[in-house]
Amino acid sequence: MSRPPDDHLKALWQSQETETPTMTTQAVRMLVNDYQTTARRNLCIGLGVCVLSAGFFAFCARIAPNALVRIGDLIMLAWTPGMAWIIWCRLPPRASLGETSTLGLIDFHRAQVAREGWSLRSSATLVAVMLPIFAGMAVILAGIWPKASRMYVQLLPILILLLVWMVIFVLQLRRQNRRVRDRLREIDVLREG
Amino acid sequence: MTSTAIQDERYTAAAAEFGGAIQRLARAYEADADPRRDLVQDIHVALWRSLGAFDGRCSLRTWVYRVAHNTAASHVQKRRRWRPERSATLEALAEVADPDNPEAAAGERQALSRLMAIIQALGPPDRQVALLYLEDLDAAAIGEITGLSAGAVATKIHRLKALLTRRFAEGGPA
């Protein structure tokens, strides 16, 4: 090479033609509005699901055949906003792009990914979220528990479905853990460069 | 002046000064035209948003490059989930022979293509240092943006220079 790479390559790099004009503040604002609209829509859907669940359990409590079922429905009703609150609190915070160095951002993402994996703490949170639901279901089940001798046959499909759901949940948890491990490995490679 | 007006003013100044660098950076991170346009847009949006929190503790240049590189790194991460990207370290690239015919790489255009190919083949941290180096930032500024120590930046720049010298000495630009 006839010239040292430093200056020549820097000049070569910086002389590239730009493809599109710089964005105006109006264009950026429109994009920001689009992003915010999407985020608001997702939030509204989440809130809608909570309101619908609350309405459903309120209706069930109103038409409950006995006091025990009503208590179960009320437990579920009371826990709906609690569960929404826990899910809302567990949403990851946003990293400040301007204040964070790239390695800092990678570490931030790593911590977020690591949070998705199974741990004693995440299990405790899960139990805290699910326990009132199971308690409510148990009370409802006790309320509608058949007095007739062969009524348990009707409840058997529900119990089997519950069991299947739990097995699927455990399998899903294992799969997620594997995925989290892979992603953590990828991030570590990225970090090491 | 309202805070939004200040944010707009800062953004306009930053976009005017660093708009070209942002596009060059996007080109180095994303080879396909359509996702690259999306990446440029994302960087501008992230920049505008972030400038609301800009407090002058670092220079505007450092801030802009941090936002741009961090957005690009997130973009690469997202894309890797759908389309795994093959990237290499500076050391690995240095060991691979250059397949190009030296005669074919005579002009500036070819030289730029070769440079781009080398940069796009690097893993994100090395790519980031290479880009900042080509944008003429010094080691201290690169360290501030990437979070790497000054020593690590100096080592990476040294290896990058050696790689580029070797590649371009084999049949580089005029």
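The values are calculated or read from the model by the stated rules, or taken from the named source; none is laboratory data. Model, not experiment: these values are computed from the prediction. Note that each Cβ is placed from the backbone with ideal geometry, even for glycine, and that neighbours are counted across all protein chains shown. We work out accessible area using only protein heavy atoms, side chains counted, and drop any ligands, DNA or RNA first. Shrake-Rupley method; radii C 1.70, N 1.55, O 1.52, S 1.80 Å.
Remarks
- nm² value of the averaged projected area, convex hull over the Cα atoms of segment B:1-85: 5.7
- List B:Ser74, B:Ser113, ordered by accessible area with a 1.4 Å probe, largest first: B:Ser113, B:Ser74
- Extension gain for A:Gln176 to A:Leu126 (0.36 nm times residue separation, less C-alpha to C-alpha distance): 16.5 nm.
- The residues of segment B:1-85 present an accessible area of 45 Å² per residue when probed at 1.4 Å with all protein chains retained.
- Size of the A/B contact, given as accessible area buried on both chains, probe 1.4 Å, in Å²: 4700
- Within-11-Å neighbourhood charge of A:Ile140 [Cβ basis; K, R +1; D, E -1]: 0
- Full-stretch length increase - A:Ala138, A:Trp88 - with 0.36 nm per residue and alpha-carbon distance subtracted: 15.4 nm
- Per-residue SASA entry for A:Asp188, accessible area with 1.4 Å probe, Å² rounded to 10: 60
- Taking amide H atoms as placed 1.01 Å from N in the peptide plane, the amide H of B:Leu122 lies under 5 Å from those of B:Ala88, each 5 or more residues away in sequence or on another chain.
- Accessible area expressed per residue, segment B:107-163, with surrounding protein chains retained (probe 1.4 Å, Å²): 36
- For segment A:19-60 versus segment B:33-47, the gap between their alpha-carbon centres in whole angstrom: 20
- Estimated distance in nm for a label pair at A:Ala114 and A:Glu17, the labels positioned 7 Å out from Cα along Cα-to-Cβ: 4.8
- Reduction of at least 40 Å² in accessible surface, 1.4 Å probe, comparing all protein chains with the chain by itself, residues of segment B:14-37: B:Gln23, B:Arg24, B:Arg27
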